[in-house]
Ligand SMILES: CC(C)(COP(=O)(O)OP(=O)(O)OC[C@H]1O[C@@H](n2cnc3c(N)ncnc32)[C@H](O)[C@@H]1OP(=O)(O)O)[C@@H](O)C(=O)NCCC(=O)NCCS
């Protein structure tokens, strides 16, 4: 796993279009995300092949951050890679002293919801018919990052300390993962 660069744009967009056939971001949107000082994108690459990517948006000095997107290539799903990407983003949010992480997820995406619930995210609201053209609701989820970090650190026997730390869809209001 490594931090994404603009050189990854082509491979990321191929996976983006395969993963989100009805609401893929445009090249321009993804380029802006990858280049943003507020962003933190990581790629899961094996032998030069992109198997997944994920992105966080955490504005400098803000206490909130958003999971912008996360995807694993279809043939590589179900082996822990999605969770590893998500945790990488959460660790970066902790390094940035974020306290709350938000995301939006499609109501018809139980696999992603189960991943988020199992990491400690809780549903805090719903945006009716948020994903168009599919007409699907968004669930809004929130994670108490300090609680998450404390529990991962204790699960790792304290060895998991963070250095320096004590949908997608049509909108850009953060956490728009589908
Ligand atoms: C959601 C996604 C990123 C998960 O990645 P993954 O590598 O397949 O998931 P992992 O193997 O890390 O599994 C993490 C958890 O997800 C859930 N999960 C994974 N596959 C599942 C399945 N087939 N059915 C139900 N839950 C599943 C489980 O809770 C699992 O935890 P467990 O293994 O302890 O039971 C991946 O399925 C994906 O890319 N989906 C398409 C794009 C997408 O929907 N992105 C999310 C946008 S919000």
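Taking residue 68, is it within 15 Å of the ligand (Cβ to nearest atom), part of a strand (DSSP E or B) and at pLDDT 95 or above?
Values: within 15 Å of the ligand (Cβ to nearest atom): yes; part of a strand (DSSP E or B): yes; at pLDDT 95 or above: yes.
Answer is yes for this residue.
Filtering the range 49-70 down to residues that are touching a strand residue (DSSP E or B) at 6+ places or on another chain (Cβ under 7 Å) and surrounded by fewer than 20 Cβ atoms within 10 Å (Cβ to Cβ), which residue is farthest from residue 110 (Cα to Cα)?
Step one: filter the range 49-70 for residues touching a strand residue (DSSP E or B) at 6+ places or on another chain (Cβ under 7 Å), giving 50-58, 63-70.
Add one more test, that the residue is surrounded by fewer than 20 Cβ atoms within 10 Å (Cβ to Cβ), and what stays is 50, 63-64.
Values: 50: 24, 63: 28, 64: 25 Å.
Here the answer is 63.
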Taking the range 71-93 and keeping only residues that are surrounded by fewer than 22 Cβ atoms within 10 Å (Cβ to Cβ), under 15 Å from residue 16 (Cα atoms) and near the ligand (Cβ under 9 Å from one of its atoms), one is left with 73, 74, 76, 77, 82
If we keep only residues of the range 38-65 that are under 16 Å from the mean Cα position of the chain (by Cα) and assigned to a loop (DSSP other than H, G, I, E, B), then the residue nearest to residue 7 (Cα to Cα) is 38
Restricting the range 94-136 to residues that are assigned to a helix (DSSP H, G or I) and away from the ligand (no atom under 13 Å from the Cβ), the one surrounded by the most Cβ atoms within 10 Å (Cβ to Cβ) turns out to be 94
Of the residues in the range 13-22, those that are under 16 Å from the mean Cα position of the chain (by Cα) and within 12 Å of the ligand (Cβ to nearest atom) come to 15, 16, 19, 20
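The values are calculated or read from the model by the stated rules, or taken from the named source; none is laboratory data. Please read all numbers here as calculations on a predicted model, not as lab measurements. Every residue, glycine as well, gets a Cβ built from its backbone with ideal geometry; the counts of neighbours run over all protein chains shown.
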